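Have a look at the structure below, then the notes.
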Amino acid sequence: MDFEYVINNRRSIREYSNQIVEDEKINKIIKAGMQAPGSRLGAEPWEFIIIKNKDVLNKLAEIKPRVTSAPVAIVLVANIERSFYKSVWQQDMSAAAENMLLEATNLGLGGLWNGVAPTEDRMEAIAKIVGINDENLKVFCIITIGYPAEGWENKFLDKFDESRIHYETY
């Protein structure tokens with residue numbers, strides 16, 4: 001697919017079919033996340049936990065309900081020790097998350113960004129589920145991935161609003 005298609009057709013997919021997501025596609029999505037720009041070269045804080053186990057997905061869904069219908073969830077975790085600017089790790093993680101969502105669309109999949117940070121209780125609860133007990137590792141978000149259910153396909157929705165564009169001053 002071409003870039004214009006991907007950037008204009010990516011949507012938040014909240015319902016998935018039962019079709020299995022191929023490991024090759026999951027790996028491509030992870031690689032896309034790792035290609036994101038970080039706040040400084042070599043200081044990319046991202047780590048990823050791939051969840052396919054239905055029991056674990058159901059536990060995550062108790063905190064983030066949209067995880068329930070997904071065949072795959074990827075928990076994005078920031079390793080603060082690898083972050084150059086310790087106060088802006090969420091910006092680095094956001095770049096990785098968006099790259100992953102765009103690659104999912106490119107591969108014919110759907111994805112949803114399930115926000116977790118900066119809400120500490122959610123971050124801690126999810127960390128516990130996925131076995132994180134290191135204060136330098138921070139759960140950022142959960143991206144659900146799958147083949148879109150009928151009616152949830154990626155498709156163009158014109159969000160352009162010229163009134164939000166300003167030149168030189170507000």
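The values are calculated or read from the model by the stated rules, or taken from the named source; none is laboratory data. Only a predicted model underlies this, so the values are computations on that prediction, with no experimental measurement involved. We place every Cβ from the backbone using ideal geometry, glycine too, and count neighbours over all the protein chains shown. Only protein heavy atoms, including side chains, enter the accessible area calculation; ligands, DNA and RNA are left aside. Shrake-Rupley method; radii C 1.70, N 1.55, O 1.52, S 1.80 Å.
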Quiz item: What are the residues in region 125-147 that are surrounded by fewer than 19 Cβ atoms within 10 Å (Cβ to Cβ), assigned to a helix (DSSP H, G or I) and in contact with a helix residue (DSSP H, G or I) (Cβ under 7 Å, 6 or more places away or on another chain), if any?
Solution: 129
Quiz prompt | Candidate set from region 38-55 (those that are among the β-branched types (Val, Ile, Thr) and more than 18 Å from residue 107 (Cβ to Cβ)); member that is farthest from the chain's Cα centre (by Cα) | solution = 51
Quiz item: Can you pull out the residues in region 77-99 that are buried (at least 16 other Cβ atoms within 10 Å of the Cβ), over 13 Å from the mean Cα position of the chain (by Cα) and under 17 Å from residue 49 (Cβ atoms)?
Solution: 82, 89
Self-check item: region 75-84, residues that are in contact with a Gly (Cβ under 8 Å, 6 or more places away or on another chain) and within 17 Å of residue 127 (Cα to Cα)
Solution: 76
Exercise. Look through region 15-37, keep the residues that are among the charged types (D, E, K, R) and open to solvent by 100 Å² or more (accessible area, probe 1.4 Å), and return whichever of them is farthest from residue 109 (Cα to Cα).
Key: 31
Quiz item: Does residue 122 count as modelled with pLDDT under 95, open to solvent by 30 Å² or more (accessible area, probe 1.4 Å) and of a type in the set (Lys, Arg)?
Solution: no
Practice problem: Look through region 148-170, keep the residues that are part of a loop (DSSP other than H, G, I, E, B) and of a type in the set (Gly, Ala, Ser), and return whichever of them is farthest from residue 74 (Cα to Cα). | Solution: 151
